[in-house]
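Since the structure comes first, as structure tokens, the remarks are kept for the end.
The values are calculated or read from the model by the stated rules, or taken from the named source; none is laboratory data. If you're wondering where the values come from, they're calculated on a predicted model, not measured in any experiment. All Cβ positions, glycine included, derive from the backbone under ideal geometry; neighbour counts span all protein chains shown.
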Amino acid sequence: MDGEILENSYCTPLYKNRDYWILYSGQVISQIGNSFFEIALPWYMYTLTGSKGLLGLTGFIDSLPMLAALFTGVFVERWNKKSTMMASDGVRSLAAIGIFLVAILSPQIRSGTLMGLYTLMFILSFAGTFFSPANTALLPLIIRDDQLKQAMGYSQSASAFSRLVGTFGGGGLLTLFGAPTLFLLNAVSFLISVFTLRFIRIQRTVQPASECNGKEHRFFAEWKEGVTIIFRNREILRNQVFALIANFVLGPLEIVMVAWVKGPMNGTAYDLGVINGCFAIGVLISGFFIRLLPKHIHPRFYVFGGSTMMGLCIVLMSLEPRLWYAVGLALVSSFALGIMNATVGAMFIEAIPVNLRARVGGASNALDRLAVPAGLALFGFLIIVIPLSWILIIIGVFVILSGLLFIPNLVTKTPAELGLLDMDS
């Protein structure tokens with residue numbers, strides 16, 4: 001069990017829920033550190049090696065542990081969610097410290113240095129695959145189900161705010177102090193997250209699915225059940241296919257932007273930070289704006305519209321390698337991305353029984369990200385052989401195409417009216 005039932009706290013409005021805001025604030029700090037790392041590592045590798053191939057390989061290796069998320073949700077479902085999150089961030093802090101030490105002790109990129117960096121990157125990313133399903137399962141234990149959409153919007157804003165601070169600040173810090181400093185700050189942010197998680201109280205308990213069924217399930221049977229639930233529900237399956245396409249092309253966008261800024265734009269690390277920061281501002285604004293969206297319109301409409309808007313912005317970005325032009329398009333495209341993510345995330349969580357959210361969330365998270373290593377492998381090769389402007393066009397077109405999945409029945413009944421909680425539908 002994850003803790004005792006504290007009904008009075010559980011029934012409080014979201015803005016008064018101390019446990020939610022402790023979780024929220026801890027993740028803001030942790031995500032700021034992540035943003036420092038995400039801007040520092042590819043810039044560090046590309047600056048020292050000048051190799052687009054190694055830049056692509058860095059992104060590919062960093063994404064490989066995502067495959068483990070296919071199975072981590074089943075483990076997390078059996079474990080204490082808060083303890084799992086604390087352990088995950090603890091391991092990530094140690095790996096980040098290791099990356100800092102490698103960068104300090106080996107200022108020149110050699111084969112041994114690369115192996116050390118890639119190993120530590122793999123450990124850091126692998127530990128993170130336990131954090132996400134645990135967080136997905138923990139959130140409904142500290143807030144009410146009717147607060148999920150609002151909480152998802154706040155979480156989008158928290159992620160965007162963290163990215164805003166991390167990328168704007170990270171670009172400046174990277175220019176002034178170098179990548180190793182940002183690696184160390186990432187480690188510190190994970191330690192702060194571990195500390196804040198200690199103070200969260202679990203508001204209600206959930207009986208493990210194996211107990212609900214009156215028998216023990218084997219590991220692969222439980223994992224298969226999580227995947228089966230996804231494929232048995234048309235709404236979840238539609239979201240899953242959409243995410244696979246989007247992640248295949250958006251996953252590599254970060255390394256493409258590093259090459260775009262340092263190459264055709266002839267920019268600096270600070271310029272990259274400004275563009276990435278503007279991506280964060282758009283998502284931050286969308287997190288608060290989503291509460292104002294008309295509720296009588298089906299959520300699929302917002303996903304379709306958002307993907308179309310974002311894809312067009314990425315295509316237009318390829319036309320002119322200028323900083324302020326890219327900044328404007330980044331703001332618009334990220335606003336659309338925030339609306340998409342919050343809407344799809346809320347629809348997904350609402351569709352799954354509470355006692356199955358860890359295993360289904362883990363399986364879904366992994367299926368979402370299965371496309372990322374494939375996308376990084378493909379686009380890591382493409383940035384070597386074709387112009388970067390064509391790569392941006394390809395990414396934008398595929399984002400637009402992913403939204404076509406939501407054209408049918410855009411104005412049909414809401415997810416609750418469709419009976420998304422019925423797993424036999």
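General remarks:
- For the range 253-266, the criterion of being without any contact (Cβ under 8 Å) to a residue 12 or more places away in the chain, farther than 19 Å from E320 by Cβ and either assigned to a helix (DSSP H, G or I) or not hydroxyl-bearing (S, T, Y) (or both) is satisfied by no residue at all.
- Any chance A95 is under 25 Å from S35 (Cβ atoms), in contact with a helix residue (DSSP H, G or I) (Cβ under 9 Å, 6 or more places away or on another chain), outside any loop (DSSP other than H, G, I, E, B) and at pLDDT below 90: no
- I123 vs. criteria of a type in the set (A, V, I, L, M) and within 29 Å of N17 (Cβ to Cβ): no
- Residue within the range 411-419 that is under 17 Å from the mean Cα position of the chain (by Cα) and at pLDDT below 85 present: no
- Within the range 169-189, the set of residues being β-branched (V, I, T) and more than 21 Å from the chain's Cα centre (by Cα) comprises T175, T181.
- Applying the criterion of being at pLDDT below 70 and either part of a helix (DSSP H, G or I) or among the acidic types (D, E) (or both) to the residues of the range 341-355, the residue that is nearest to T308 (Cα to Cα) is V354.
- Output for the range 318-336, where each listed residue is under 25 Å from the mean Cα position of the chain (by Cα) and free of Cβ contacts under 8 Å to residues at least 60 places away in the same chain: V327, G328, L329, A330, L331, V332, S333, F335, A336
- Residue ID - nearest to L378 (Cα to Cα), chosen from residues in the range 17-55 that are in contact with a helix residue (DSSP H, G or I) (Cβ under 9 Å, 6 or more places away or on another chain) and not in a helix (DSSP H, G or I): S51
- Taken over the range 288-315, residues that are over 12 Å from I407 (Cα atoms) and either touching a residue at least 24 places away in the same chain (Cβ under 8 Å) or not aliphatic (A, V, I, L, M) (or both) amount to 17.
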